[in-house]
1. Look at the stretch 225-276 and say how many of its residues are under 22 Å from residue 316 (Cα atoms), in a strand (DSSP E or B) and under 18 Å from the mean Cα position of the chain (by Cα).
2. When the stretch 308-344 is examined, which residues are found to be surrounded by fewer than 16 Cβ atoms within 10 Å (Cβ to Cβ) and within 23 Å of residue 261 (Cα to Cα)?
3. Looking at residue 376, is it surrounded by 17 or more Cβ atoms within 10 Å (Cβ to Cβ), in contact with a strand residue (DSSP E or B) (Cβ under 7 Å, 6 or more places away or on another chain) and over 30 Å from residue 343 (Cα atoms)?
4. Could you check the stretch 97-169 for strands (runs of 3 or more DSSP E) lying wholly inside it with 2 or more residues that are closer than 22 Å to residue 192 by Cα and in contact with a strand residue (DSSP E or B) (Cβ under 7 Å, 6 or more places away or on another chain)?
5. Go through the residues of the stretch 398-414 one by one and say whether even a single one is at pLDDT 90 or above and under 21 Å from residue 336 (Cα atoms).
6. Starting from residues that are exposed (fewer than 14 other Cβ atoms within 10 Å of the Cβ) and at pLDDT 90 or above, keep the ones in the stretch 53-94 and report whichever is nearest to the chain's Cα centre (by Cα).
């Protein structure tokens, strides 16, 4: 076995030393260029004042990002990529980034983005990179004179990302997120403070090829899956405004929640679940009043740019356990005659849709004469409300003819109503519904509804819309 003396090894290492800067320059410069192309290209066109490629690092100075069409301008004093001794790269940058821009009416906006304890490590190789980032604090402040002020701050955050085959996947954690801003709208001041705790999630996103409309359109309507899943442990928000009628204050608290934003095969969807929501309103010198909701869940899906075939759009929402506090009830039912059970609302609607043209080509000035989207096969799976001791349930389906404007619909809807007779009696007793109006309503319901099969206070009706535009309820013409 060949043995090398210490002198031989030292000689070899010394002879390679002149090559080290050249090899490191190529590596760190390439990584810097990748970094800009991957993360910072969306901020605008990057102009570098000077480049310092020496030793085991690459440093770019006075980097300016300018957005197209007079968008905001970002100025980064310096950023550096250095090669780590045991492999990989470290990214460091100035702890302040200046922000400036022009607003309508000649107003100016300026601000600063600051970081504390920010670190980023890059691993892997070109085409298959990993990015690990952590920070003690990230803060952005923006000001536009008397128009608005805004401060955004996150503490103790971290993220891990992997880029391979132009697909970025990763996870993130932000234990605390705070947002504050002040607005002046037509001379009326409004301020908002919002805080979210324990934000965590994961994502998958194709790399956007450019900043033009076509690139973003391809991102949202393409075949590559994009999603961001997130969860939070709680949220608080306080809004204060000054109106002609006096000061208005709206407070909000929310418990645990989760959500997803996604785009898959040209369909954009938003979904989420929230629990333990509460709104507290103070206005016009009145005592605070609150509304609480046990849970809210929702799902919205909208196809984009499907000009050749129909796809399904849908909206689903469940608002469960809505409850008013006694102060609100006392405004119209001081005697407590009305049932104060928690209210529930369920919505489940869908429709087949097809765009007549690409979204980027739509001229909004022409929408008064025709819609750029065609609807067909509208389905009402559920449109249900349970409140004040009464219950309304609706389902049905309609066909929509979009060849004319406005579009013409035909189909049927089935309506089931329970407890309405008892409710009208209590509304009359509380003085909220005049007796003659209650009698008129009952008479109309006897014509357009028929007795259901679930008790004496159960009515049903079938509403029909014919292709010629005529409408009937329970067989009685309405139009």
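The values are calculated or read from the model by the stated rules, or taken from the named source; none is laboratory data. Note that the structure is predicted; figures quoted are calculated from it, not measured. Here the Cβ positions follow ideal geometry from the backbone for every residue, glycine too, while neighbour counts run over all protein chains shown.
1. Adding up the residues that qualify gives 25.
2. Matches in the stretch 308-344: 312, 315, 317.
3. It is false that residue 376 is surrounded by 17 or more Cβ atoms within 10 Å (Cβ to Cβ), in contact with a strand residue (DSSP E or B) (Cβ under 7 Å, 6 or more places away or on another chain) and over 30 Å from residue 343 (Cα atoms).
4. The strands (runs of 3 or more DSSP E) meeting that bar are 108-116, 128-143, 148-164.
5. Checked the stretch 398-414: no residue is at pLDDT 90 or above and under 21 Å from residue 336 (Cα atoms).
6. Among residues in the stretch 53-94 that are exposed (fewer than 14 other Cβ atoms within 10 Å of the Cβ) and at pLDDT 90 or above, the one nearest to the chain's Cα centre (by Cα) is 62.
Table: residues versus (1) at pLDDT below 70; (2) within 17 Å of residue 87 (Cα to Cα); (3) assigned to a strand (DSSP E or B).
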| site | (1), (2), (3) |
| --- | --- |
| 15 | yes, no, no |
| 20 | yes, yes, no |
| 23 | yes, yes, no |
| 27 | no, yes, no |
| 33 | no, no, no |
| 51 | no, no, yes |
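Conditions tested, residue by residue: (1) modelled with pLDDT under 95; (2) out of contact with any helix residue (DSSP H, G or I) (no Cβ under 7 Å at 6 or more places or on another chain); (3) over 30 Å from residue 343 (Cα atoms).
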residue	(1), (2), (3)
231	no, yes, no
247	yes, yes, no
251	no, yes, no
255	no, yes, no
267	yes, yes, yes
280	no, yes, no
